[in-house]
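Engineer: To start, I am sharing the structure in question, which I have written as structure tokens.
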Amino acid sequence: MAKHIQTQTEWESTMARRIMDQLRGELYLDQRYLNAALGALPPAPLPPGTTGAAFAADGARLCYPPAWVLTTYRKNRRYLPRAYLHSVLHCIFFHLWIGGKRDREKWNLACDIAVEYTIDQMDKPSTRRILSWQRQTVYEELKQQKSGISAAVIYRYLSGRKPAELIALQKEFYTDDHRYWPKEEQKNAANEDARKQWDKI
């Protein structure tokens, strides 16, 4: 019987899965209290041909494009654990389910800023990065409001911003794809089950 020769797609899938396991292990060793959260969001490869160049969580799984994971691992290996944690924190903070009728684009940005601020404050080896001037400025302005730094507070902070400012902030804080976040009109039993799971965590 002829031995199966692995295709490039199969090889990418295998290598990307190993990288995802490695990232999960790094985060666990660095922050053991995240064990339950990491277990509640298992990695799931996106099917070949699916567009995307970022992680995308839906509350029940962390979707990833294998080719993107491999490319990013080669170019900027330290980015991936942080991006992984970014998606997990969205679930911990319930960002997927509490947007309500807010402007979706602005809510996505507010959630990204809240999560990135949290990671920057953790200052852990696996996710540490140098803060840009723009980040430092935004964080300082939010602290001066003395209302806490949650997605809801940041959403109000963004409400008076001009479109060009919002675009600049999106470029700075964008990390993951929110395409699978349930929209208000799309809430169903599966979405509610995922939310209940995170409520327990």
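Every number in this text was worked out from the coordinates using simple rules, so none of it is lab data. Please read all numbers here as calculations on a predicted model, not as lab measurements. Don't worry about glycine lacking a Cβ; one is built from the backbone with ideal geometry, like all the others, and counts go over all protein chains shown.
Engineer: Working from the alpha-carbon coordinates of the chain, get Rg over Rh, Rh being the Kirkwood radius.
Structural biologist: 0.99
Engineer: ³J(HN,Hα) across the stretch 148-156 via Karplus (A = 6.51, B = -1.76, C = 1.60, θ = phi - 60°), whole Hz, x for Gly/Pro?
Structural biologist: x, 10, 10, 4, 5, 5, 5, 4, 5
Engineer: In the chain, if the dipole is taken from +1 on Lys/Arg beta carbons and -1 on Asp/Glu beta carbons about the Cα centre, which of ILE92, TRP11, TYR28 is farthest to the positive end?
Structural biologist: Highest projection toward the positive end goes to TYR28.
Engineer: Quick check on the stretch 85-155: take the gyration tensor over C-alpha atoms, sort the square-rooted eigenvalues as a ≥ b ≥ c, and tell me if it's rounded (a/c under 1.5), prolate or oblate. Intermediate results must be reported in sequence, preceding the final value.
Structural biologist: Numbers: a/c = 2.03, a/b = 1.27, b/c = 1.60.
Cα axes put the stretch 85-155 in the oblate bin.
Engineer: Just in the stretch 1-104: which GluC sites (Glu not before Pro) are loop by DSSP and have at most 14 other Cβ atoms within 10 Å?
Structural biologist: Answer by residue number: there is no such site.
Engineer: Mind listing P(r) for the stretch 113-201? All alpha-carbon pairs, 10 Å bins, whole percents.
Structural biologist: Distribution as computed: 13, 38, 34, 16, 0 percent.
Engineer: Mind scanning LYS143/LYS171; LYS75/LYS162; LYS146/LYS183 and naming the pairs with a C-alpha gap bigger than 26 Å? List each step's numbers first, then the result.
Structural biologist: Details: LYS143/LYS171 21 Å; LYS75/LYS162 33 Å; LYS146/LYS183 30 Å.
Distance filter (> 26 Å) returns LYS75/LYS162; LYS146/LYS183.
Engineer: In degrees between 0 and 90, to the nearest 10, how far off the longest principal axis of the chain does helix 189-200 point, with axes built from Cα atoms?
Structural biologist: 70
Engineer: Please compute the alpha carbon radius of gyration of the stretch 1-110, then divide it by the globular-protein estimate 2.2 N^0.38 Å. Two decimals is fine.
Structural biologist: Scaled against compact globular proteins, the figure is 1.20.
Engineer: Still on this structure: Per residue of the chain, what 222 nm ellipticity follows from adding -39500 (n - 2.57) for every DSSP H run with n ≥ 4, rounded to the nearest 500?
Structural biologist: -18500 deg cm²/dmol
Engineer: Give the long-range amide H neighbours of CYS63: residues separated by 5 or more places, or on another chain, with amide H under 5 Å away, using H modelled in the peptide plane at 1.01 Å from N.
Structural biologist: Answer set, sorted by chain and number: ALA44, ALA56, ALA57, ASP58.
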